[in-house]
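Worksheet: one structure, shown below.
Derivation of every value follows stated rules applied to the coordinates shown; laboratory data play no part. Remember, it's a predicted structure, so these values are computed and weren't measured experimentally. Note: ideal-geometry Cβ built from the backbone for every residue, glycine included; neighbour counts use all protein chains shown.
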Amino acid sequence: MDLQIALLLAQDGVTNGAIYALLALALVLVFAVTRVIFIPQGEFVAFGALTLASLQAGKLPGTLWLVFGMGVAITAIEVALALNERHLRRIPLIVLFNCGLPLLLAGFLFAVSPATLPLPVQVCLALILVVPLGPMIHRLAYQPIAEASVLVLLIVSVAVHVTLVGLGLFFFGAEGSRTPAFTDNSFEIGDALLQGQTLLVVVCSIVLIIALYFFFERTIYGKALRATAMNRTGARLMGISATLAGRLSFTLAALIGAFSGILISPITTIYYDSGFLIGLKGFVGAIVGGLASYPVAAAGAILVGLLESYSSFWASAFKEVIVFTLIIPVLLWRSLTTRRIEEED
Amino acid sequence: MKIQAVLAGWCALTAIAGASAVYAEVNIGVSLSATGPAASLGIPEKNTFALLPTIIDGQKVNYIVLDDASDTTTAVKNTKKLIAENKVDVIVGSTITPNSLAMIDIAAEAETPMISMAAGARIIEPMDVKRAWVFKTPQNDAQMATAIVEHMTNNNVNTVAYIGFADAYGEGWWNEFSKIAEVRKIKVIANERFNRADTSVTGQILKILSAKPDAVLIGGSGTPAALPQKSLKEKGYKGTIYQTHGVANADFLRVCGKDCEGTLLPAGPVLVAAQLPDSNPIKKVALEYVSKYEAAHGKGSVSTFGAHAWDAGKLLSNAISQVLKKGLQPGTAEFRKALRAALEGTQNLIGAHGVFNLSAQDHLGFDQRARVMVKIEGGDWKLVK
């Protein structure tokens, strides 16, 4: 291995690591706020990339029907609740918000041909289609059992994951897709050729991480999320709704996931079930941070990316073994150094 | 109590009546991988069963299609269910080699013939008491690997690097290819693995490039096999790239795009059916399948994997009509035994993938006509003459 190969491998590792870092942050965020170990995080990656790909192929993405179907389910639940509580005036708003908006979106997609739109508009459309899945999944699957134990929430996560993968196969088919690159520029650095898209992934990830930092530090919603993460009961006493915090964290997780998918789909082929493995590697990163620390989780995810890249050079057959074995010494080290805090209430 | 007893009796009666009605028809049990990692192979197979004849020699034929989710345990469970509950006369399946291997024991124990749609030669070799009940329709990996090695020796390729799936498919190809290449004096100088869902193969590709091979063979199936090829081109590799017949579907061309120009692969003749010379007997059968499939699922939707299911249907309708002529009743052990013998005795049956000439020792029965070399040119498959 000479220096050039080492540099190329490092570049590859950092690119993948940047995506894992984004997912690790989303996982930490969701876990801190809602105690949900969000296994379906990776599915947003696949759904984001494949929705964009089917928009570009001129097909109506199946995600649209999923958003619509979940909107109808939520409407049914909310209307039943409103009737029960005799809040009849809320009903039109509920119907309009949960059924009307998806219908409007469907009408828009039918009216224009998405394949002819410029790329940034397509990206926005894909995000508009995928991101609502986050809060909707929260409303349907997690909000009714918000007080359940971590184990129950984990089991629900597995169920949501399996359901979404099945729907992904149904919507997008078994074969993968790629989307065209955002930029075809490439740069020479020494002997190595640096692809513009690779650089874009890293830059976008850093920008997104900085934006998240400011969201948590400077905005009232970000502070509310942090407060909920620190102490759920205390935050509720201060008037912060746990439901709102949960919904917000799921929206952010979906946004981060879908955006990561759109970022990497020009570099690699994405399949309906690719999300799981990508999410799992983000999870290893999040574990390094103890599912609590954002900077350590991000650093851990970059480490996973680098480890993966170098091990695929030295021993490609054992790559996954090496990456996932990393979790054992990390867990050992964490359980020996951290004081165990019981927070099961 | 009385009502319950009457109900139970009534249920039992209808069950018997229902069962005897079913017995008069031929039941074909199918277990394939329509979901999970092998879905891109299993879905066209599943679509093909809807196109197979439902009446053979005036006898109604039922196809009971189950999905095994590319999972070995489910494949075994499906087989048991088909035999015990549906009383099938023959089993078709599964899509992939590990599942098919696991199904052999159950089919043989129930003395039910089984036709696999998976490539692995181990499904029918070495021939023994159990495998006497087992047949298969896809070409053996060895047959396809020989075609690649032949093409390599004819084109002065001396050193080859291999990169394949880290699963049974990639391992199987590595075993066959490295064996045949050694005999033909081709040096294999790198052996790498990658996963179906990998987002990057940069490490493996850099290692292959540093070995400077004349050609690279990619042992993968479907669109995932495009990733190493795209990485090789991106890093400026100029040599020849070979793929396996696992990539022979339209999605591969769509995902790989211009990076696949000039790629060579062995495939069943159905892939380039229209380009076959008119003298080739396979052309007519293959074109019939292609037109039937595309009429149902749209132009360009056909893949070679579905054709394996079509060939299984061909074998079956030929054998079933022979057995029916003997006046045997479907659903009986005698029927299954005769069906097995009829399958084994198949001679000169033309399928979409080749000509079947089965024997007691060879339960596939393909010859050289069952494979052609294909080149990707202008985003389409071109027959290499």
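As I understand it, the value is the acute angle between the Cα axis of helix B:72-84 and the longest principal axis of the Cα atoms of chain B; what does it come to in degrees, rounded to 10? Helix B:72-84 sits roughly 30 degrees off the main axis of chain B.
For chain A, the Cα gyration tensor yields ellipsoid semi-axes of 33, 27, 17 Å (square root of five times each eigenvalue, largest first, whole Å). Could you check how many percent of all C-alpha pairs in chain B are farther apart than 41 Å? Within chain B, distances greater than 41 Å cover 17 percent of Cα pairs.
Principal axis analysis of the Cα atoms in the range A:267-330 yields extents of 30, 28, 18 Å, listed in decreasing size. Remark on residue B:384: its backbone amide H falls under 5 Å from those of B:373, B:374, B:375, a criterion applied only to residues 5 or more positions apart or on other chains, H modelled at 1.01 Å from N. Can you give the FRET efficiency for residue A:96 and residue A:116, using 1/(1 + (r/R0)^6), R0 = 45 Å, r = Cβ-Cβ distance, to the nearest 0.05? Taking R0 as 45 Å, the efficiency between residue A:96 and residue A:116 is 0.90. Put simply, the C-alpha atoms of the protein assembly as shown give a gyration tensor, and the ellipsoid matching it has half-axes of 47, 36, 23 Å, longest first. Distance between Cα centroids, the range A:1-47 to the range B:219-243: provide it in whole Å. Cα centroid of the range A:1-47 versus Cα centroid of the range B:219-243: 25 Å apart. If you fit an axis through the alpha-carbon atoms of helix B:141-154 and take the longest principal axis of the Cα set of chain B, what angle between them do you get, 0 to 90°, nearest 10? Compared with the principal axis, the helix lies near 20 degrees.
Angle of helix B:2-23 to the longest C-alpha principal axis of chain B, folded into 0 to 90 degrees and rounded to 10: 60°.
Here chain B is treated with +1 on each Lys and Arg Cβ and -1 on each Asp and Glu Cβ, and its dipole about the Cα centre works out to around 340 debye.
Remark: the range A:5-18, residue by residue, has Karplus-estimated 3J(HN,Hα) of 4, 4, 5, 4, 5, 5, 4, 4, x, 5, 4, 5, x, 4 Hz, where x stands for each Gly or Pro and the curve is 6.51 cos²θ - 1.76 cosθ + 1.60 at θ = phi - 60°.
Close amide H partners of residue B:188, meaning residues 5 or more places away or on another chain with modelled amide H under 5 Å apart, are B:160.
Take each peptide in A:33-42, A:87-96, B:200-209, B:58-67, count the other Cβ atoms within 10 Å of every residue, and average; sorted highest first, the result is A:33-42, B:200-209, B:58-67, A:87-96. Take the Cα of residue A:57, go 7 Å toward its beta carbon, and the backbone nitrogen atoms of the range B:294-309 under 16 Å from that spot belong to B:297-303.
How shielded is A:314-322 by partner chains, expressed as the average number of their Cβ atoms within 10 Å of its Cβ atoms? Rounded to a whole number, the mean comes out at 5. In the range B:141-267, the ratio of gyration radius to Kirkwood radius, Rg to Rh, stands at 0.92 when only Cα atoms are counted. Shielding value for A:265-272 is 5, the average number of Cβ atoms from other chains within 10 Å of each residue's Cβ.
Extension gain for residue B:360 to residue B:154 (0.36 nm times residue separation, less C-alpha to C-alpha distance): 70.7 nm.
Separation of the range B:94-142 from the range B:292-351 is 16 Å, based on Cα centroids. Averaged over peptide B:221-233, the number of partner chain Cβ atoms lying within 10 Å of each residue's Cβ comes to 3. Phi angles across the range B:352-364 convert, under the Karplus curve 6.51 cos²θ - 1.76 cosθ + 1.60 with θ = phi - 60°, into 3J(HN,Hα) values of 6, 9, x, 10, 8, 10, 7, 8, 4, 8, 10, 9, 10 Hz, Gly and Pro given as x. Ranked by the mean number of other Cβ atoms within 10 Å per residue, highest first, peptides A:315-322, B:190-197 order as B:190-197, A:315-322.
Where a ≥ b ≥ c are the square roots of the eigenvalues of the C-alpha gyration tensor, would you call the range A:59-112 rounded, which needs a/c under 1.5, or, failing that, prolate if a/b is larger than b/c, or oblate? Since a/c reaches 1.5 but b/c is at least a/b, the shape of the range A:59-112 is classed as oblate. With just the Cα atoms defining each centre, how far is the range A:252-307 from the range A:136-203? Give it in Å. Here the answer is 8 Å between Cα centres. Computing Rg and the Kirkwood Rh from the Cα coordinates of the range A:130-237 gives a ratio, Rg/Rh, of 1.10.
For chain B, averaging the sequence separation of C-alpha pairs within contact (under 8 Å, six or more residues apart) and dividing by the residue count gives a relative contact order of 16 percent. Residues whose amide H comes within less than 5 Å of that of residue B:30, counting only those at least five positions distant or on another chain, are B:64, B:65, B:66, B:92 (H built at 1.01 Å from N in the peptide plane). Helical runs assigned H by DSSP (4 residues or longer) give chain A a calculated mean residue ellipticity at 222 nm of -23000 deg cm²/dmol, each run adding -39500 (n - 2.57) before division by the residue total.
Of all aspartates and glutamates in the structure, the ones whose alpha carbon falls short of 15 Å from that of residue B:179, not counting any fewer than 8 places away in one chain, are B:141, B:150, B:171.
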